[in-house]
Amino acid sequence: MLAVNPNFPANSVPEFVAEARKRGDKLTFASSGVGGSPHIAMEMFRAQGKFDVLHVPFQGAAPAMAAVIGGQVDSLILPMSAIVGQANSGKLRMLGIASPARFSSEPNLKTFDEQGTTLNAGTWVGLMAPAKTPPAVVERLNRAMATALADPNFKAQLIKMNVEPGQPMNPKEVQTFMLSEYDRWGRTIRAANIKAE
């Protein structure tokens, strides 16, 4: 989720890109830390949008958000669940969702793709088990997670927390998905020369 201070002169992803190109490296971006998913997501966006940005890393999402709310930094990318409360109170302006589809909790907020910029930097949560877990236990856990994700009440609770429920995957699909994510995010990390601190 890309968000800006309400005084920032952009109301959409294309307007943000235009303003970023106009400012050059004077546009600032707060992140929750070097090498975290918000930092990497902005690097994906920067490369796709062909603009420069000055990265201002903080030690966590709360101080990064406070800096944008206070006007010391222009923008940030964080999960919807972290931003929506401040946006609904008017302290931040949400410009777009960096996921393939709109969120059920904010159906009027457009994705980056809908606004002309291809960006999928959505984060996800998976249930993992130690490598030597017996296959029967893995299958039982997988079935339990699939059952939970099919439960309308469980889905409603996730949506209420601004978390978009995903589709259940079997263990092989999870492994394939994780390898593709490792490759996709890894390309950006290498291209931007991001080093963990």
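The listed residues are Thr123, Thr111, Thr133, and the only one of them that is free of Cβ contacts under 8 Å to residues at least 40 places away in the same chain and under 12 Å from the mean Cα position of the chain (by Cα) turns out to be Thr111. Considering each residue of region 53-62 in turn, at least one proves to be under 21 Å from Gly122 (Cα atoms), surrounded by fewer than 14 Cβ atoms within 10 Å (Cβ to Cβ), hydrophobic (A, V, I, L, M, F, W, C) and within 19 Å of the chain's Cα centre (by Cα).
Residues that are in a strand (DSSP E or B), farther than 17 Å from Thr123 by Cα and not small (Gly, Ala, Ser) within region 63-93 comprise just one, Arg93.
Meeting the requirement of 3 or more residues that are of a type in the set (Phe, Trp, Tyr), the helices (runs of 4 or more DSSP H) wholly within region 131-197 are 171-191.
Number of residues in region 9-36 that are in contact (Cβ under 8 Å) with a residue 40 or more places away in the chain, closer than 18 Å to Gln115 by Cα and in a loop (DSSP other than H, G, I, E, B): the value is 3.
Residue-wise test of (1) modelled with pLDDT under 90; (2) β-branched (Val, Ile, Thr); (3) under 21 Å from Ile40 (Cα atoms).
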position: Gly90; (1), (2), (3): no, no, no
position: Ile97; (1), (2), (3): no, yes, yes
position: Pro100; (1), (2), (3): yes, no, yes
position: Ser104; (1), (2), (3): yes, no, no
position: Thr111; (1), (2), (3): no, yes, yes
position: Gly116; (1), (2), (3): no, no, yes
position: Gly122; (1), (2), (3): yes, no, yes
position: Pro130; (1), (2), (3): no, no, no
position: Pro135; (1), (2), (3): no, no, no
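Conditions tested, residue by residue: (1) more than 12 Å from Ser31 (Cα to Cα); (2) in contact with a Cys (Cβ under 9 Å, 6 or more places away or on another chain); (3) in contact (Cβ under 8 Å) with a residue 40 or more places away in the chain.
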position	(1), (2), (3)
Ala47	yes, no, yes
Phe58	no, no, no
Ile69	yes, no, yes
Ser75	no, no, yes
Lys91	yes, no, yes
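Cβ-Cβ distances below 8 Å connect no pair with a first residue in region 186-197 that is within 16 Å of Leu54 (Cα to Cα) and touching a residue at least 12 places away in the same chain (Cβ under 8 Å), a second residue that is acidic (Asp, Glu) and surrounded by fewer than 16 Cβ atoms within 10 Å (Cβ to Cβ), and a separation of six or more residues or different chains. Residues in region 47-62 that are touching a strand residue (DSSP E or B) at 6+ places or on another chain (Cβ under 9 Å) and part of a loop (DSSP other than H, G, I, E, B): Val53, Phe58. Would you mind stating whether Ala101 is of a type in the set (Gly, Ala, Ser), surrounded by fewer than 16 Cβ atoms within 10 Å (Cβ to Cβ), closer than 21 Å to Ser180 by Cα and touching a strand residue (DSSP E or B) at 6+ places or on another chain (Cβ under 8 Å)? Yes; evaluated as a whole, the condition is true for this residue.
In region 63-85, the qualifying residues are those that are within 17 Å of Asn7 (Cβ to Cβ) and of a type in the set (Val, Ile, Thr), and the one that is nearest to the chain's Cα centre (by Cα) is Ile83. Give just the number: which of (1) within 25 Å of Pro165 (Cα to Cα); (2) free of Cβ contacts under 8 Å to residues at least 40 places away in the same chain does Ser105 not satisfy? For Ser105, the exception is condition (2).
The values are calculated or read from the model by the stated rules, or taken from the named source; none is laboratory data. What you are looking at is a predicted structure, and each value in this text was computed from that prediction instead of being measured. Heads up, the Cβs are rebuilt from the backbone with ideal geometry, glycines too, and the neighbour counts pull from every protein chain shown.
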